[in-house]
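Asker: Handing you a structure now.
The values are calculated or read from the model by the stated rules, or taken from the named source; none is laboratory data. Remember, predicted model here, so these are calculated numbers, not experimental data. With ideal geometry, Cβ positions are generated from the backbone for all residues, glycine too; neighbour counts draw on all protein chains shown. Accessible surface areas use protein heavy atoms only, side chains included; no ligands, DNA or RNA. Shrake-Rupley method; radii C 1.70, N 1.55, O 1.52, S 1.80 Å.
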Amino acid sequence: MKSLSESRRDFLRKAGLTFGASLLLPKAALGQSEAPQQKQSEGATTQDSGKPDCTLHIRTSPIEIAPNRIVSVTSYNGQFPGPLLRFKEGQLVTVDIYNDTDVAEQLHWHGQKVSTDVDGVSEEGTPFIPAHGKRRIEFIPQPAGFRFYHTHNRAGANLSAGQYSGQVGPVYIEPRSEPGNYDRELFLVMKEFEPTFSRGGDMAMDFLLPASRVKALEDAGESAMKASLAKGMPKGYEVGYRSFTINGRMLGHGEPIRVKQGERVLLHVLNGSATEIRSLALPGHSFRVIALDGNVVPNPVKVPLLWLGTAERISAIVEMNHPGVWIMGDLDNDDRRHGMGIVVEYAGCSGKPEWIAPLPHRWNYMLFAKPAASVSPDGTFEMTFAKDNAAEEGFNRWTINGVSYPMTGEMTPATFHLQQGKRYRIHMRNASDDIHPIHLHRHSFELTSLGGKPTSGVMKDVVMLGGYQEADIDFVADNPGLTLFHCHQQLHMDYGFMTLFDYRKSG
Ligand SMILES: [Cu+2]
């Protein structure tokens, strides 16, 4: 039998890649030829000649998620997930992006501190990669850690567009010095396929700590929903999926992760979903969380299971000390049975993979934090998020402070104005029962308060804000230009849940 890494290498070779790396790498392979070469000039202009460090082709292609179960999606280089891109922190890279589809595209470098010209977001003014056209970009990868790339097109009612497609790929930016307490690393991308609309309303999920809700937000949200339903309005559309995958294969249909007793495996887990919150457990094992969204946490502790909002990443070390053949999978029985899992097989063990549901455990970002620090920001923005049930042709319309971002795809003036170098706080209030994975572009932010409890030291670029909850995030305005802020749930961002910050380079 081939190992996972060998089989993926075969796959990559067959896919005709010009670069890329296996998603499963022995530690010894880190920093080898996959990493882009160092460039001489950091201030180089974007010229179209010369060899790029990597090439991405956006194209429609069949993806086999299980034997004879083939979905047709827009992908990167004809594969799912897109190739793992390994960059070196601070070393300029050149990327050629070809768009072989009929639709203009945007490729967003999620979690990176890049310019608006490169970020891959039309709302910030990044040029589109034209249909059947090409764009060459250059940027300095930063900060170090686990990032990813994905499309930033609006999908609206089109379930083959935006992140419903297969346009998701991992990025690892190697730090100048690698923390070394593991034997090998493994990238896992969780992603659903074959989306469909439903009108049932999503089930409320309630796994976040602290659990404290704000009564005023709850009253406002519940009464708005009651009033809408009383007028005979059905609930707004939600998205469900027929198939579920890790690294593009349904549970039981990919190569197992083969491990040895005593091995310490560093998992880099990405929730690549367009709309879903995911969880992950491995029976009899725990996860020592060392980084959230690629940023090293101050307090790396063990937890029995992981929760990830859309676009969140968790890097965690699993010590393989419980031999057997296990299903590492999502806690949701239905989703796991429809594919959201991967088999972990110890050397010398055989038999049917076993799933044992973990004991209930709630997810609390503050477990990984430092004690609260009293830092006062230079300015605070108040934001309240609300839902107009089914108000936009059957879709829920989303607002920030009562304003819905225009759905035309055109550039709009920024709502929030900043000054370079200042530290800002966003006080977020969720007047809906949905959990929102809130994302800020081109900056990392620090969690400073969750559910009314102060905290510090956890740096992220996406944070889940619970139903009727409030939270504070702080960021330093250190990357001038238009900066998009939005919910990462595709249906929410596409129907208004976005706004823009702006500030100029000073001096
Ligand atoms: Cu949302």
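Asker: With (1) of a type outside the set (Gly, Ala, Ser); (2) under 21 Å from Trp355 (Cβ atoms); (3) not in a loop (DSSP other than H, G, I, E, B) as the list, and Leu251 as the residue in question, which single condition is left unmet?
Answerer: Unmet condition: (3).
Asker: Being assigned to a strand (DSSP E or B) and among the hydrophobic types (A, V, I, L, M, F, W, C) is the filter here; which residues of the range 122-163 pass it?
Answerer: Ile129, Ile137, Phe139, Phe146, Phe148
Asker: Among the residues of the range 299-320, are any crowded, with 21+ Cβ neighbours inside 10 Å, in contact with an Asp or Glu (Cβ under 9 Å, 6 or more places away or on another chain) and more than 28 Å from Arg86 (Cβ to Cβ)?
Answerer: no
Asker: Which of the residues that make up the range 374-385 are within 16 Å of the ligand (Cβ to nearest atom) and open to solvent by 30 Å² or more (accessible area, probe 1.4 Å)?
Answerer: Passing the criteria: only Thr384.
Asker: Next up: All but one of (1) within 16 Å of the ligand (Cβ to nearest atom); (2) at pLDDT below 95 hold for Pro371, so report the exception by its number.
Answerer: (1)
Asker: Among the residues of the range 106-124, what is the count of those that are out of contact with any Leu (no Cβ under 6 Å at 6 or more places or on another chain) and either open to solvent by less than 10 Å² (accessible area, probe 1.4 Å) or of a type outside the set (D, E, K, R) (or both)?
Answerer: So the answer is 12.
Asker: Of the conditions (1) in a helix (DSSP H, G or I); (2) farther than 21 Å from Leu440 by Cα, Val118 fails just one. Which one is it?
Answerer: For Val118, the exception is condition (2).
Asker: So, one more: Give the residues of the range 306-356 that are over 13 Å from Pro256 (Cα atoms) and among the hydroxyl-bearing types (Ser, Thr, Tyr), sorted by residue number.
Answerer: Selection gives Thr310, Ser315.
Asker: Here is a follow-up. Of the residues Pro323, Pro360, Pro377, which single one is in a loop (DSSP other than H, G, I, E, B), without any contact (Cβ under 8 Å) to a residue 60 or more places away in the chain, of a type outside the set (Phe, Trp, Tyr) and in contact with a Phe, Trp or Tyr (Cβ under 9 Å, 6 or more places away or on another chain)?
Answerer: So the residue among Pro323, Pro360, Pro377 that is in a loop (DSSP other than H, G, I, E, B), without any contact (Cβ under 8 Å) to a residue 60 or more places away in the chain, of a type outside the set (Phe, Trp, Tyr) and in contact with a Phe, Trp or Tyr (Cβ under 9 Å, 6 or more places away or on another chain) is Pro360.
Asker: Just for strands (runs of 3 or more DSSP E) wholly inside the range 394-507: which have at least 3 residues that are away from the ligand (no atom under 14 Å from the Cβ)?
Answerer: Filter on the range 394-507 gives 423-430, 445-450, 470-476, 498-502.
Asker: Sticking with this one: Pull up the range 412-434, narrow it to residues that are touching a Leu at 6+ places or on another chain (Cβ under 7 Å) and closer than 21 Å to Asn364 by Cβ, then point me to the one that is surrounded by the most Cβ atoms within 10 Å (Cβ to Cβ).
Answerer: The extreme case among them is Asn430.
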